[in-house]
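Throughout, read-outs are computed from the coordinates displayed, never taken from laboratory work. What you see is a predicted model, and the numbers here were worked out from it, not measured in a lab. With ideal geometry, Cβ positions are generated from the backbone for all residues, glycine too; neighbour counts draw on all protein chains shown.
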């Protein structure tokens with residue numbers, strides 16, 4: 001069983017190839033993510049990764065590492081506060097905020113930080129059901 | 001400019017190959033989505049698609065069709081209320097709930113319905129910035 005306030009950290013980055021693959025799988029070929037010339041016309045000046053690709057790290061970690069295999073995803077809130085770029089190092093931080101032992105669910109805060117600046121790029125929370133963990 | 005209360009609908013389905021590709025791109029290889037034998041041990045009895053893959057349809061539509069190219073994703077809330085399966089027809093429904101013309105943002109409700117039963121599988125909302133649309 002995973003106790004309240006447990007924190008789990010995961011460092012990651014995405015490549016431009018990851019962005020291209022995510023655009024193919026999702027069908028989201030917004031030029032903001034794929035077209036460097038278009039991106040120079042935006043406030044970001046260079047392509048940013050899809051927010052939904054950034055959030056996929058939450059799905060990966062909660063479905064495979066923490067709380068682990070067999071997790072059922074009930075809710076995700078993601079607030080994209082700052083742009084994220086390819087080939088940069090980010091850290092996802094998961095904290096168990098509350099547990100409902102009757103339902104085997106937990107509220108988990110899900111945050112992403114830019115490792116080089118320490119600034120939060122993504123804020124959010126999830127609700128996860130996992131009978132072994134909660 | 002897109003007026004308040006505008007509704008946009010998009011019908012879609014995912015194949016098992018889409019699920020496998022999403023598992024590869026995201027790294028989320030939770031057997032709930034990939035392993036039919038494991039899935040028989042769950043309440044769902046067969047593999048379900050990743051919630052984050054279901055939500056990727058929100059990213060696709062809002063980034064490419066409605067409100068369209070150049071949209072900046074500021075927030076997504078997704079509540080996974082019922083399991084979703086491969087090769088089933090679903091409808092995503094987007095409704096403009098409020099507009100902030102100063103910030104060029106809108107709150108958009110994002111829902112997914114099972115076309116065969118009419119039941120809602122996913123509930124949620126997004127905040128999108130798009131200077132041409134709002």
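Listing for the model above:
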read-out	value
Inter-chain shielding of B:74-83 (mean C-beta neighbours from other protein chains, 10 Å cut-off)	5
Principal axis dimensions, the range A:69-134 - Cα atoms, whole angstrom, descending	40, 20, 16
Cα long-axis angle, helix B:16-26 against chain B (0 to 90 degrees, to the nearest 10)	70 degrees
Ranking of B:95, B:121, B:64 by count of other Cβ atoms within 10 Å, fewest first	B:95, B:64, B:121
Chain A, relative contact order in percent, only Cα pairs under 8 angstrom and at least six apart counted	29 percent
Relative exposure of B:8, A:73, judged by other C-beta atoms within 10 Å (fewest first)	B:8, A:73
Between helix B:51-64 and chain B: long-axis angle, C-alpha atoms, 0 to 90°, nearest 10	30 degrees
Cα-based equivalent ellipsoid, chain A: semi-axes from gyration tensor eigenvalues, Å	30, 15, 11
Within 10 Å of each Cβ in A:53-63, the average number of Cβ atoms from other chains	6
Shielding of B:23-36 by partner chains, average beta-carbon count, 10 Å	6
Highest-fluctuation residue, B:109, B:26, B:56 considered, GNM on chain B with Cα pairs under 10 Å	B:26
Choice from B:104, B:33, B:50 showing the highest fluctuation, given a GNM over chain B with Cα pairs closer than 10 Å	B:104
Three principal axis lengths of the protein assembly as shown [C-alpha, angstrom, descending]	49, 47, 31
